[in-house]
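Before I ask anything, let me first share the structure, which is written out below as structure tokens.
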4 protein chains.
Amino acid sequence: MKALTYHAPGSRIWGEVPDPVIQDPEDVIVRVDAVTICGTDLHILKGDVPTVTPGRVLGHEAVGTIQALGAGVRDRAVGDRVLISCISSCGRCAYCRAGRYGQCLGGGGWILGNLIDGTQAELVRVPFASLSTYLIPATVSDEDALMLADILPTSYEIGVLAGKVAPGSTVVIVGAGPIGLAAIATSQLLSPRNIIVVDPAPARREAAAALGATMTLSPDDDVEALVRKVTQGLGAHVAIEAVGSPTTFEMCTRVVRAGGHVANVGVHGAPATLHLEELWIKDITITMGLVDTSSTALLLELVEAGTLVMPGLVTHRFGFDEIQEAYDVFSAPSETGALKVAMFGAHSTQAH
Amino acid sequence: MKALTYHAPGSRIWGEVPDPVIQDPEDVIVRVDAVTICGTDLHILKGDVPTVTPGRVLGHEAVGTIQALGAGVRDRAVGDRVLISCISSCGRCAYCRAGRYGQCLGGGGWILGNLIDGTQAELVRVPFASLSTYLIPATVSDEDALMLADILPTSYEIGVLAGKVAPGSTVVIVGAGPIGLAAIATSQLLSPRNIIVVDPAPARREAAAALGATMTLSPDDDVEALVRKVTQGLGAHVAIEAVGSPTTFEMCTRVVRAGGHVANVGVHGAPATLHLEELWIKDITITMGLVDTSSTALLLELVEAGTLVMPGLVTHRFGFDEIQEAYDVFSAPSETGALKVAMFGAHSTQAH
Amino acid sequence: MKALTYHAPGSRIWGEVPDPVIQDPEDVIVRVDAVTICGTDLHILKGDVPTVTPGRVLGHEAVGTIQALGAGVRDRAVGDRVLISCISSCGRCAYCRAGRYGQCLGGGGWILGNLIDGTQAELVRVPFASLSTYLIPATVSDEDALMLADILPTSYEIGVLAGKVAPGSTVVIVGAGPIGLAAIATSQLLSPRNIIVVDPAPARREAAAALGATMTLSPDDDVEALVRKVTQGLGAHVAIEAVGSPTTFEMCTRVVRAGGHVANVGVHGAPATLHLEELWIKDITITMGLVDTSSTALLLELVEAGTLVMPGLVTHRFGFDEIQEAYDVFSAPSETGALKVAMFGAHSTQAH
Amino acid sequence: MKALTYHAPGSRIWGEVPDPVIQDPEDVIVRVDAVTICGTDLHILKGDVPTVTPGRVLGHEAVGTIQALGAGVRDRAVGDRVLISCISSCGRCAYCRAGRYGQCLGGGGWILGNLIDGTQAELVRVPFASLSTYLIPATVSDEDALMLADILPTSYEIGVLAGKVAPGSTVVIVGAGPIGLAAIATSQLLSPRNIIVVDPAPARREAAAALGATMTLSPDDDVEALVRKVTQGLGAHVAIEAVGSPTTFEMCTRVVRAGGHVANVGVHGAPATLHLEELWIKDITITMGLVDTSSTALLLELVEAGTLVMPGLVTHRFGFDEIQEAYDVFSAPSETGALKVAMFGAHSTQAH
């Protein structure tokens, strides 16, 4: 089959590799119908993720159709249309039993496109299939489902739920890339009063406003003062970090009120300064973590029901054989305006 | 009356000042029977707390007897023996209505010995008396009650409850001063499996072991490895910072497991480094904050019932006129072995 | 002043009574600008509420303007436009400190129009004014604010929050009177998937559908089967009882799934049968209780922001001197179609 | 092998039946080393449980040693000493993913000795072995582990946790049979202030007092008044029903304070009367349900650590071939004083 493999920092190849086969009774083999690229894939290609070894098929988000099943898979069938979660779950370890699949100790967690071959391929082997794939309702499109493999549960679990967004909350979202925009969409499930979005790119601020942000700011604005102005001087209930830099993290700790929550969603490459000399007295809660995808089934239901309005994150669509071009587009968002790119296979229900 | 006043960095005076008078319908005047010194008082005396102005009577923890009441105080009487909480609560603002008295917006919070005259005096005016004093059960001694003015609720609320200690938890407490020792006592209300205490002073480690620590370590030990050893490699469920330094805070973030809690109780004077490049993926929750004393009534009940075993923190006892000596003893714990010092007035039920 | 007083079962008088005066430092006197009648007032008039004695001014919901203040009221001013909550809160007792104002032990709770004179009058004395009145944002009308005195917080706290409505929930609301309709509006703050409303009156079912019910049923339908049909056989996550009869309560226990919640909001006059022989194994949680109005400030904010869409419950509007007619209309809803009736005074911002 | 089978109401046989075999990749075959009888087994023998068909091997609690494994069992080995939980969990359905194994939709739940052959046999097949058996620490005896198959998690999850016992709580436990006594032991993990136990049998009241009950009452006492006396007139925070009769359930609803919890653990055969005409206003939460055994691993840890003091429920010990006598003893507790009986096999580490 064809697949996109990592070879060395800066080097990726779309070429022929062996088809995957069932290795464990709980595996399934899935024909990939739609797949996307994550910012993490770009980190891997820079050589920043040492667990990824040369020859690895990249990708951890996809929608597809089951082609083969291991002997122990009792609740999936060949032909089932499934969402492949970015997180696999063994279902047996203490973390999986607590719904923290991202921290799985039994061989799951983030393994696809990292410790085992991933989804940017015509076929992919998915371990622990019962807990790591989700049946897609007929009325949900491939493209919408694809956004639930990682982006939407990440924004909802690590941003909205960990941050304890509640009716009436003032939420500040720092960063209006795919995760930040998804946080705008998913936070609205809980009826916040204000959604204030901070991003340097005017186009992303416009996208934020279109999705329901009640105020959009540039980091050059006096963000802290403007947040206080709409909150009777108190600051935000929740600040969601959706960038992954020390500066934006520290902004989050400044805009939040006493008793508030800073929910870090961004992937960081460097430490931040935590101003405990100011914060120790302020009743702040700071959370961070890898998505568990424990909300994926719920989000699929809410998309099916129309309760969750999909944020329309896919800006560029390609065929599988255009994946190298898709990487180029996705790698240069300031020029291309890319948010998420998607590749669709021949069998996808989705035109591209 | 006699009182201990702050005059300038390094300068404190035990001398005559005017008696306090009722200024507001919700005030009471309390004759102080027992009073203690807090580490924060030492910070004030270094000039580190700019809100404290010269002439201010220090102190925010005391036990006493009500001498006079404002016209609006309906549930206290002259002669009532009361605990004076370190935190005052207006009872009306949004924070007080949520039980977050430490963040009171209506004139309360930490005001005693800070914004208004405090408890290191023969008499003290206590505002918002109904919500800022607690009737002391007859069987609870002055000295035990005194430890509930600040130390025990701080360790319980900001350490044990914020850290979500639960049956079976492994708790690491970094620092075995008064707060750390109180955290050993109060965490046992929730039946943790392991209580691991880290402190450089052998005497404090011994005190920790006597109070129920299951393992005591020096910071020179390989704390992280030893914690992992007793937790099947996972780390602690909860790490309680009870020192207030960047080093100890960072130790807390290293010993805690994925999904665990770091509860900062220490008062910090400098920022810490938050290693988000390692922690972003680890599902850590970090909390910090000023005590609310929302647990004070409960803790008094538990002391009365014998359910909470008092940690015996008072190492040195004095008369009121010996308060300058008490300050000296308390300021040099490494020489004197002091944990908490207490001054008792002539009417105290407690001998000294 | 003029007021509506209870005299004996079946006997109510709109006539002259003495003006109220400040009796306690925390009292305010409010000129009533808008007032409504509650189903409980009809119970009182039947003689069913023995705490209400002859001569009592009825009513516990109103909007008005402060005319006079007690000496201890520090955060209200003459001229303030306020919502008078159906629940008064002393702010000091253990229940008030826990936000359970409905259970106040310090002289509050449901006292207006019950233990003291109420709001169906030109003037009313409101005790514990700081915690029992709410400043009304300028953009919120008298009529909308009036619905927040009792109906909306009751449906939200005792129905939606106690029932733990959450994104994706299937909610069954039994009864589409004012409380049931308000529960439709307030449950939408939490993005349920299905809102199924059961009521015998076609007009109320139509009102329910207009407010966002996704399915409306008659009690003559096979409610249990139809609920299971839209929930993959499992039943509802939440059933809200908004009638107050054994039959409807028992229906709630049948339509709810294992692990689900029955939230009783209805006022009952007779016991129900609890089929523990079927339910003991089913992980059901049943809640009930008097409103605390702890959510009133939040709901006012959400109305101001437009986040909470007011359900438009007032079907009939009157002047104060038409209150007897208003009672007649409200007492015969099956003939008049009345949901809530409202009386407006000369100074109300609201035309009638 | 030998096993105890149900044949008809009143008829049980200890005799030869075929050995169990692996039927599913997730099965294990366990040699039973210790087994007990549950009150539910007596219900089955009365013919009250229609799902149990003639020929069924009874029993759903045991400790044993693994003899054989299905191909899909990856975290158990032949020779492992395991606790067999009374609840099996498929690990895949929505209920199992939420930790509600008792409500498993995927073939688990209470199946042993009910829908499939159970543990009162020399060998037993246990499905879904990874999630339905627990490795026993070496220092925990067979007899102690046996009490964790059903009794202790039931009292802890459905009584203590569902009832929200917390430090300082006043807990009333109605019924001092095995479940009630286990609730005394497990509630102490959360440091209640008062544990008041109600039972008609003096011997059981003595056992309750020995385990830590702070007050023991007969149902003939004025329970409601005595509970109010020790709670400043308020009533209990938590009432745990551990009998299963309408009378005791109704007692629980009367002794609990406003805001309190009634946790029903008893198995009921008849409906109770719920006095909503009194309770609707009282902020009561009532919970009920089948155990999930989600706490079993934790309780095993706490027994190993000595944090949970085992209540010593086994009053009579037998060999396997004495099981008929054990049934007779267990069926007549008022004559024999039996709480739990246990049968030990030849390989048990436990003498009998």
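Where Lys and Arg each count +1 and Asp and Glu each count -1, what net charge lies around B:Phe330 among other residues with Cβ under 10 Å from its Cβ?
The answer is -2.
Kindly rank D:219-225, C:185-191 from highest to lowest mean number of other beta carbons found within 10 Å of each residue.
Order by mean packing, descending: C:185-191, D:219-225.
Now for a different question. What is the spin-label model distance, in nm, from D:Asp221 to C:Gln67 if the labels are put 7 Å beyond Cα along the C-beta direction?
5.5
To continue, here is another question. Can you find, among D:Ser334, D:Met288, D:Gly319, the residue sitting farthest towards the positive end of the charge dipole of segment D:235-334, where Lys and Arg contribute +1 and Asp and Glu -1 at Cβ?
It is D:Met288.
Oh, and also: Would you mind giving the total buried accessible surface between chains C and D, with a 1.4 Å probe and ligands, DNA and RNA left out, rounded to the nearest 100 Å²?
Chains C and D together bury roughly 3100 Å² of accessible area.
Within the set of other residues whose C-beta is less than 15 Å from the C-beta of C:Asp33, count the net charge using Lys and Arg as +1 and Asp and Glu as -1.
Cβ neighbours under 15 Å give a net charge of -3.
Would you kindly work out, in nm and rounded to one decimal, the distances from the label point of C:Glu278 to those of the same position in each other copy, ordered shortest first, with label points 7 Å along Cα-to-Cβ?
The answer, with the shortest distance listed first, is 2.6, 5.7, 6.0 nm.
Charges on Cβ only, +1 for Lys and Arg, -1 for Asp and Glu, centred on the Cα centroid of segment A:153-288; of A:Ile195, A:Gly177, A:Ala239, which one is farthest towards the dipole's positive end?
The residue sitting farthest along the positive end of the dipole is A:Ile195.
Let me ask you something else. If you place +1 on the Cβ of every Lys and Arg and -1 on the Cβ of every Asp and Glu, how big does the dipole about the Cα centre of the protein assembly as shown come out, in debye to the nearest 20?
Using Cβ point charges on Lys, Arg, Asp and Glu, the protein assembly as shown gives about 0 debye.
If you don't mind, there's one more thing I want to ask. May I ask you to derive the FRET efficiency for B:Thr273 and B:Trp14 from their Cβ-Cβ distance with R0 = 41 Å, giving the value to the nearest 0.05?
Once the sixth-power term is evaluated, E becomes 0.50.
Report the label-to-label distance for B:Arg228 and D:Gln23 in nanometres (one decimal), using points 7 Å from each Cα along the Cα→Cβ vector.
Taking the two extended label points, one gets 4.4 nm.
Could you work out [θ]222 nm for chain A from helices alone, using -39500 (n - 2.57) per DSSP H run of at least four and dividing by all its residues? Round to the nearest 500 deg cm²/dmol.
Helix contribution divided over all residues of chain A: -6000 deg cm²/dmol.
On to the next question. From other protein chains only, count the Cβ atoms within 10 Å of every residue's Cβ in C:66-77, then give the mean.
2
Quote the relative contact order of segment C:78-200 in percent (integer), defining contacts as alpha-carbon pairs under 8 Å separated by 6+ residues.
Taking the mean separation of contacting Cα pairs over the length of segment C:78-200, I get 21 percent.
If you count, for every residue in A:87-100, the Cβ atoms of partner chains within 10 Å of its Cβ, what is the mean?
4
Hey, another quick one. Tell me the net charge near A:Ser85. Cut-off is 11 Å between Cβ atoms, A:Ser85 excluded, with +1 for each Lys or Arg and -1 for each Asp or Glu.
Computed value for this residue: -3.
For D:Ser218, which inter-copy label distances result when the label point lies 7 Å beyond Cα on the Cα-to-Cβ vector, reported in nm to one decimal and in ascending order?
From this label point to the equivalent ones elsewhere in the assembly: 5.7, 6.4, 8.5 nm.
Would you mind working out the magnitude of the charge dipole of segment C:153-288 relative to its Cα centre, with +1 at each Lys and Arg C-beta and -1 at each Asp and Glu C-beta, to the nearest 20 Debye?
Dipole about the Cα centre, nearest 20: 360 debye.
Here is a follow-up. How large, in percent, is the carbon and sulfur part of the accessible surface of segment C:1-72 at a probe radius of 1.4 Å?
57
Pairs A:Lys164/B:Lys282; C:Lys229/D:Lys46; A:Lys46/B:Lys282: which are spaced more than 30 Å apart, C-alpha to C-alpha?
C:Lys229/D:Lys46, as the Cα separations exceed 30 Å there.
Right, another one. Over the protein assembly as shown, average the accessible area per residue using a 1.4 Å probe and give it in Å², no decimals.
For the protein assembly as shown, the solvent-accessible area averages 34 Å² per residue.
Please compute the length gained on full extension between A:Thr53 and A:Ala209, using 0.36 nm multiplied by the number of residues separating them and subtracting their Cα-Cα distance.
Extra length from A:Thr53 to A:Ala209 when fully extended: 52.1 nm.
Now a separate question. Under 19 Å between alpha carbons, and skipping anything fewer than 8 positions from A:Lys2 in its own chain: which aspartates and glutamates qualify?
Partners found: A:Glu16, A:Asp19, A:Asp33, A:Asp41, A:Glu61, A:Asp117, A:Glu122, A:Asp321, A:Glu322, A:Glu325, A:Asp328.
Another one. Using R₀ = 45 Å, calculate the FRET efficiency as 1/(1 + (r/R₀)^6) where r is the Cβ-Cβ separation of A:Ala346 and D:Leu42; round to 0.05.
Given R0 = 45 Å and the Cβ-Cβ separation, E is 0.10.
Going toward the positive end of the dipole of chain D, with +1 on Lys and Arg Cβ and -1 on Asp and Glu Cβ, which of D:Gly260, D:Gly108, D:Met1 do you reach last?
After comparing all options, I get D:Gly260.
Additional query: Quick one: in chain C, whose Cβ comes closest to the C/A rotation axis, and how close in angstrom?
For the rotation taking chain C to chain A, the closest Cβ gives C:Leu190, 3.
Show me, for segment A:80-95, the HN-Hα J-couplings you get by feeding each phi into the Karplus relation (A = 6.51, B = -1.76, C = 1.60, θ = phi - 60°), rounded to Hz, glycine and proline as x.
Per-residue couplings from phi come out as 5, 8, 10, 8, 9, 6, 5, 10, 9, 9, 6, x, 10, 6, 4, 5 Hz.
About the Cα centre, and with charges only on the beta carbon of Lys, Arg (+1) and Asp, Glu (-1), how big is the dipole of chain C? Nearest 20 debye, please.
740
Mind checking C:285-292 for the average number of partner chain beta-carbons within 10 Å of each residue's beta-carbon?
6
What's the ranking of C:328-334, B:164-170, A:239-245 by average number of surrounding C-beta atoms within 10 Å, highest first?
In descending order of packing, they fall as A:239-245, B:164-170, C:328-334.
Also, quick follow-up: What does the copy distance list look like for C:Thr53, label position 7 Å along Cα→Cβ, in nm and ordered from shortest?
Those separations, rounded to one decimal, come out as 5.2, 7.0, 8.7 nm.
Tally the DSSP beta bridges in chain C and give the antiparallel ones as a percent, rounded to 5.
Roughly 55 percent of the beta bridges in chain C run antiparallel, per DSSP.
The values are calculated or read from the model by the stated rules, or taken from the named source; none is laboratory data. Owing to the predicted nature of the structure, the values given are computational and were not obtained by experimental measurement. Cβ coordinates were reconstructed from backbone atoms using ideal geometry, including for glycine residues, and neighbour counts include every protein chain displayed. Ligands, DNA and RNA are stripped out before the accessible areas are found, and what is left, the full protein with its side chains, is counted by its heavy atoms. Shrake-Rupley method; radii C 1.70, N 1.55, O 1.52, S 1.80 Å.
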